[in-house]
Amino acid sequence: MKTNRSGGSFWFVNRRMIRLLVIISLGACLLLTSGFSGCAKRKGLPPPEIKEDFEPVSQTLKVDVFFDATLSMRGFVSTQSSSFYQQTVPLLERSVIEGWKGGEVSFYKFGDDIAPLPGRAYLEAVKPAFYGDSKYNRKTLIERVIDKAQPDHLTVIVTDLFQSNADVNQLSEKLKQKFIANNLAIGSYAIRSQFEGSVYDVGPSAYSFGYKSDKPERNRPFYLLAFGTHADIAHYFDVLAATGVNTFPDKHELILSRHLSSRLASFSGAKLKTADRVSEISSSNLVSGDYRGNHVKAFKISKGRTKAKLIIDLRYDAALPNVMGYGSDLTSEVTAWKGEDKGGKVLVPVENAEAQKAFHVVANLLPQQTPFDKLQLRVDIEVSDLPGAGIYQYRIVLRPKPNTLADWIPLWNMRDDEIQTWHRNPHDFNGAKTYNLENFLGTLQGAVLSTTPPKVGDLHLYIQVDK
């Protein structure tokens with residue numbers, strides 16, 4: 001009997017608690033009916049989709065290495081002592097083995113045509129005889145390698161990169177279509193090495209010059225051109241450096257891709273420095289569903305306001321190493337939507353030109369030097385120019401303004417006027433430079449900027465404007 005009485009008493013208390021909870025819930029629903037389609041779901045705008053993360057290094061990888069077998073490369077292996085070029089050859093395979101568990105490497109030689117190098121045959125590239133085959137040693141047809149390259153592999157081309165203007169344009173277009181347009185990256189590991197021999201096909205008239213690097217500053221450049229994901233190229237270059245290339249005195253890396261940092265700037269850890277005639281609210285008030293991302297902030301502008309201003313400081317990760325240079329000023333691309341009730345449980349975002357014109361953005365990276373570690377976002381809103389009360393969504397894409405090419409590139413570039421001078425005075429020929437290097441890398445950088453322009457931020461502001 002005691003048990004039944006206590007059980008009955010427990011039930012009685014809980015029934016009273018249930019009634020109380022129902023009354024509270026109904027009251028909450030009554031309070032929240034304005035702007036909502038019922039208590040179950042509010043009338044908010046859908047959350048954005050942000051998918052711009054820096055891809056990780058591949059778990060395993062297939063790598064295809066192509067050796068330029070033309071005559072101009074022979075001088076790298078004809079020196080009296082082991083050249084940096086010769087020391088690099090075995091590291092090309094070792095870096096794959098050490099960099100990827102189960103990594104696989106295939107080797108080829110190319111020139112006029114392409115031929116596989118089975119087994120350990122690629123090690124013959126450290127000997128002069130490797131460059132004596134007339135089927136391969138006349139022309140550096142890198143475009144044929146691009147045609148053969150597989151985008152899901154890492155492709156590495158070992159070459160002196162002597163190309164005519166016509167070759168540069170054709171090669172750049174092929175790289176743009178096959179790699180850049182598919183969000184893949186292009187890397188260049190430039191290394192100066194000892195050299196003794198002849199350099200062929202120099203300039204538009206295809207002059208030949210004898211050349212010997214009798215001192216370190218006269219070493220001749222060769223290049224490891226790499227095509228694949230940004231992360232895989234960067235990792236391969238890092239392992240190459242760790243296995244021995246870091247001991248070489250004159251070398252430079254460059255990776256061209258849509259990525260400048262490991263992650264886009266977000267509102268995680270952001271500081272709201274100024275909120276003039278606008279107040280921050282939880283994004284859950286305006287965004288439908290349970291959005292937990294870091295790329296959204298929500299604000300409310302009260303009735304009667306004609307202007308509003310926001311200044312927000314965001315954390316920005318330092319740039320990835322060896323990417324294209326850029327300054328502190330950012331360009332902003334703004335898209336604006338206004339939520340419209342189409343009879344569903346969620347407002348429908350409809351692009352709105354008036355809302356866009358009323359929204360002004362200025363963004364800068366701070367401090368005024370690299371690497372940057374902060375991004376300041378200033379937003380000015382002409383509230384009186386907005387098309388009425390409601391919920392607005394603004395997408396702000398921030399992009400850098402790239403500077404000129406890295407300083408070493410014009411210094412390593414061989415100009416046409418220099419070639420004409422050297423033709424008259426062959427003993428003055430400077431083989432420490434590469435013909436058309438600046439045009440080639442500049443064209444590729446331009447292709448990245450026009451095809452997959454890099455971002456530093458992709459942010460969304462949701463703003464409620466009261467009646």
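So the values come out like this:
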item	result
Qualifying residue in the range 282-304 (condition: part of a loop (DSSP other than H, G, I, E, B), at positive phi and surrounded by 15 or more Cβ atoms within 10 Å (Cβ to Cβ))	no
Complete set of residues in the range 407-431 that are in contact with a strand residue (DSSP E or B) (Cβ under 6 Å, 6 or more places away or on another chain) and either in the same structural domain as residue 219 (by TED's automatic domain parsing) or not in a helix (DSSP H, G or I) (or both)	414, 429, 431
Test: residue 308 is touching a Gly at 6+ places or on another chain (Cβ under 6 Å) and either crowded, with 18+ Cβ neighbours inside 10 Å or among the acidic types (Asp, Glu) (or both)	no
Some residue of the range 198-211 being of a type in the set (Gly, Ala, Ser) and in contact with a His (Cβ under 6 Å, 6 or more places away or on another chain)	no
Boolean, residue 336 is within 16 Å of residue 47 (Cα to Cα), modelled with pLDDT of 95 or more and outside any loop (DSSP other than H, G, I, E, B)	yes
Selection from the range 51-88 of residues that are touching an Asp or Glu at 6+ places or on another chain (Cβ under 7 Å) and basic (Lys, Arg)	62
Whichever residue in the range 347-400 is in a loop (DSSP other than H, G, I, E, B) and buried (at least 17 other Cβ atoms within 10 Å of the Cβ) and, among such residues, is nearest to the chain's Cα centre (by Cα)	372
Filter result for the condition that a residue is of a type in the set (D, E, K, R) and part of a loop (DSSP other than H, G, I, E, B), over 342, 309	342
Of residues in the range 312-332 being of a type in the set (Gly, Ala, Ser) and assigned to a strand (DSSP E or B), the one surrounded by the fewest Cβ atoms within 10 Å (Cβ to Cβ)	327
Condition met for residue 49 (without any contact (Cβ under 8 Å) to a residue 24 or more places away in the chain and outside the structural domain of residue 342 (by TED's automatic domain parsing))	yes
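The values are calculated or read from the model by the stated rules, or taken from the named source; none is laboratory data. Since the structure is predicted, the reported quantities are computational estimates derived from the model, not experimental observations. When we count neighbours, we look across all protein chains shown, and the Cβ atoms used for this are built from the backbone with ideal geometry, even at glycine.
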